[in-house]
Amino acid sequence: MTLKDLIISLCGVMSISGNERRGGEELNKLIGGVFDEYRTDALGNHLFIKRCGRPNAPKILVDTHFDEIGMMVSGIKEGGFLTVTNIGGVDTRILPASEVVIYGKEILYGVFAAKAPHLSTAADMEKLTPLAEMLIDTGYSKEELEELCPLGTPVGFKPVYRDLLNECLAGKAFDDKACGACAVFGIDAVQKKEMAGDVYFLFSSFEETGMVGARVAGFGIRPDYALVLDVTHASTPETKEFSLPAMGAGVDITVSPVTNRALTGMVVELCRENGIPYVMSACGGSTGTNANVLGISADGIPTALCSLPLKSMHTSAEVLSMEDANALKKIVSAFIKSKEIGEVFGR
């Protein structure tokens, strides 16, 4: 399986925030063979461990989050229509006429109803309809829907993936399972004798709804140091006023008050030594990632943050560069191999 194949397979697993445990069996089938141990907890965190074989070795945490944004059924209407509420930051601008999957007692398919332009006024065309007022058309009767998808049933984007030019890939839920795929490939590429310690790979829960999973896992694992992998916004023509990384330029490494400055500097040096393309970004406050909570979990966990540039985040057609994904994979390999980092931050 190639890295692209694993990205598509992982991102196609339903893991809408609050439903992370539902995809555990499929997740373990996809990546469990890389690791020595697999654990889950009551919060839906998925923890995979690869041991180096040495006693009292440092604990190295590589964190990504397994949950994705989505919706849940909030109402059932006559005529086969559903209303939904968001789970995480769903971009409502792209919802009209988009296809969705309803994960009820059976898998159902629907489409967000869109008012035809012929029937719309100029004022209608200019306003954004709130999510609570949008309807999903299913073709079922109200009675059938009440049986098959009661209130609280999760609803997600239809998993469709397309290759674009210049080694780019489009699809849903790259935030953040694409980073998880990069982590798995990076960890698998390192032999146990080369590892600076035992590697704890975390597919954490509830990142999109409060970063709760990583906080709990940090206390449970108590790693010596951590590398958080998440996505960041890639530069696009309408964002020229912002300092955003260009897609294809490499991995974004963040300097922030919530990340460890020395560990971040050592990650930068690893990139230079190994010829891994990267860009730097400065974040004066919250990073919007699990790095916010891991640094203050347990006794305090030295944490660095590397991010994969992404276009159209939180939509059904996110876009990533496989060049950047391969760079992220290499950073993970270099990070878990670094004896220098292990000597500085390990036990």
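The values are calculated or read from the model by the stated rules, or taken from the named source; none is laboratory data. Everything quoted here is computed from the prediction, not taken from an experiment. Backbone-built Cβ (ideal geometry, glycine too); neighbour counts: all protein chains shown. With ligands, DNA and RNA removed, areas are computed over all heavy atoms of the protein, side chains included. Shrake-Rupley method; radii C 1.70, N 1.55, O 1.52, S 1.80 Å.
Quick look at the values:
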read-out	value
Qualifying residue in the range 176-186 (condition: aliphatic (A, V, I, L, M), open to solvent by 30 Å² or more (accessible area, probe 1.4 Å), in contact with a strand residue (DSSP E or B) (Cβ under 8 Å, 6 or more places away or on another chain) and closer than 25 Å to residue 247 by Cβ)	no
One residue from 264, 239 being without any contact (Cβ under 8 Å) to a residue 24 or more places away in the chain, on the phi < 0 side of the Ramachandran plot and touching a strand residue (DSSP E or B) at 6+ places or on another chain (Cβ under 8 Å)	239
Residues of the range 73-108 satisfying the condition of being of a type in the set (D, E, K, R), surrounded by 13 or more Cβ atoms within 10 Å (Cβ to Cβ) and part of a loop (DSSP other than H, G, I, E, B)	91
Flag if residue 144 is modelled with pLDDT under 95, out of contact with any His (no Cβ under 6 Å at 6 or more places or on another chain) and charged (D, E, K, R)	no
Where a residue in the range 199-226 is without any contact (Cβ under 8 Å) to a residue 12 or more places away in the chain and its partner, wherever it lies, is not in a helix (DSSP H, G or I), with Cβ under 9 Å and at least six apart	210/17
Residue tally, condition open to solvent by 50 Å² or more (accessible area, probe 1.4 Å), aliphatic (A, V, I, L, M), in a loop (DSSP other than H, G, I, E, B) and modelled with pLDDT under 95, over the range 131-141	0
Single condition residue 21 does not satisfy, out of (1) of a type in the set (Lys, Arg); (2) touching a Gly at 6+ places or on another chain (Cβ under 8 Å); (3) within 22 Å of residue 314 (Cβ to Cβ)	(3)
Residues of the range 18-29 satisfying the condition of being small (Gly, Ala, Ser) and either open to solvent by less than 10 Å² (accessible area, probe 1.4 Å) or part of a strand (DSSP E or B) (or both)	23, 24
Residue within the range 148-155 that is open to solvent by less than 20 Å² (accessible area, probe 1.4 Å) and more than 18 Å from residue 316 (Cβ to Cβ) present	yes
Conditions (1) assigned to a strand (DSSP E or B); (2) surrounded by fewer than 23 Cβ atoms within 10 Å (Cβ to Cβ); number of the one not met by residue 63	(2)
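Per-residue answers, yes or no, for (1) open to solvent by 30 Å² or more (accessible area, probe 1.4 Å); (2) part of a loop (DSSP other than H, G, I, E, B):
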{"position": "253", "(1), (2)": "no, no"}
{"position": "264", "(1), (2)": "no, no"}
{"position": "273", "(1), (2)": "yes, no"}
{"position": "288", "(1), (2)": "yes, yes"}
{"position": "309", "(1), (2)": "no, no"}
{"position": "314", "(1), (2)": "yes, yes"}
{"position": "324", "(1), (2)": "no, no"}
